[in-house]
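Notes follow the structure.
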Amino acid sequence: MNKNQLKNITDTTINELLNNEIILPSTYFETFSKNALKHNIDLKDDEFSKELNILILDEFQKVEDYIELLNIKSTKLNDSINESKKAIKEKNFEKLSNLYEEIEQLQKEINHLKKDIFHDEITKTFNKKWLYKKFLNDNLEFKNSGLAVLVDILDLDYIKKEYGVAISNNLIVFLINKIKTTLEEYKISFKAVRFTENELIFFIESKDGQEIKSIFLKLQDNLENIKLRSNSGIIINGNIDFFSQNYLEKNSFKDVFENLYIQRNNL
């Protein structure tokens, strides 16, 4: 049992319960148990319980650290603004100039912090926090119409197990950069989200599903012929599968997501 496997189970559970108005602890545990069993994990195992507690504490700690740091920066910013008001009254222009520089720097740091909380550490794309808090409305519905493309990175678990986390991370970064560059070449407007360990979702403004499908098919064929070589000489392929679904404003994300998964499971 490893942290990545546990995180995948947690992600899958959350995704399944996404649109429930109320998530009871019993409902969450039942769904979590079902997904854990698919991975042949014994919920009564002491090592599993220990790993689960570490993951939960780690997630809470990240949020707490972010809030604490944001509060510190915000307090400093507020103090600097108050000092600048005082400097204006005193006509202390030298002090005012220094305070303006300090305020500008603090604002940049706060904006950077806010950006970090909504981005995936490895790929620098948006994460699920951004998806649920920014991209969707309060009812987890789409704010605009468009096309969702689910990209499944094939054999990632095997590559990670066989060659290590560094190589699997490099593969993910290469693939997402390749997809983003390709879409930009076609002047396609999109938002990229790392949804799970081996899944990306591209939310594309274009409603022309055939054009997007054609682009991804060419990309898929291209990637099959690309051999990636690590510094240590290991050669791997960056193969993907993809599935697309149109959505309209006010459509439920859960419904669109389920349709994407139905397509994937029927492959």
Give me Glu184, Glu199, Glu211 ranked fewest to most by other Cβ atoms within 10 Å of their Cβ, as a rough exposure proxy.
-> Glu184, Glu211, Glu199
Find the Rg to Rh ratio for the range 128-265, where Rh is the Kirkwood radius over alpha-carbon pairs and Rg uses the same atoms.
-> 0.99
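Step by step: find N for the range 204-267, compute 2.2 N^0.38 Å, then divide the Cα radius of gyration by it. What's the final number? Walk me through the numbers before you get to the answer.
Working: Rg = 15.7 Å, N = 64, 2.2 N^0.38 = 10.7 Å.
Here the Cα radius of gyration is 1.47 times the empirical estimate.
Mind scanning Lys128/Lys254; Lys38/Lys133; Lys134/Lys178; Lys38/Lys178; Lys129/Lys227; Lys128/Lys180 and naming the pairs with a C-alpha gap bigger than 22 Å?
The pairs that break the limit, which is 22 Å between Cα atoms, are Lys38/Lys133; Lys134/Lys178; Lys38/Lys178; Lys129/Lys227.
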Those residues of the range 210-229 whose amide nitrogen sits under 13 Å from the label point placed on Phe174, 7 Å along Cα→Cβ = 223-229
At 7 Å along the Cα-to-beta-carbon direction for both Asn237 and Thr75, put a label point, then send me their distance in nm to one decimal.
-> 5.6
Most to least packed among 259-267, 123-131, 30-38 [average Cβ atoms within 10 Å] = 123-131, 30-38, 259-267
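Bear in mind that the values in this text are calculations on the coordinates, not laboratory data. What you see is a predicted model, and the numbers here were worked out from it, not measured in a lab. Here Cβ is always computed from backbone atoms with ideal geometry, including for glycine, and neighbour counts include all displayed protein chains.
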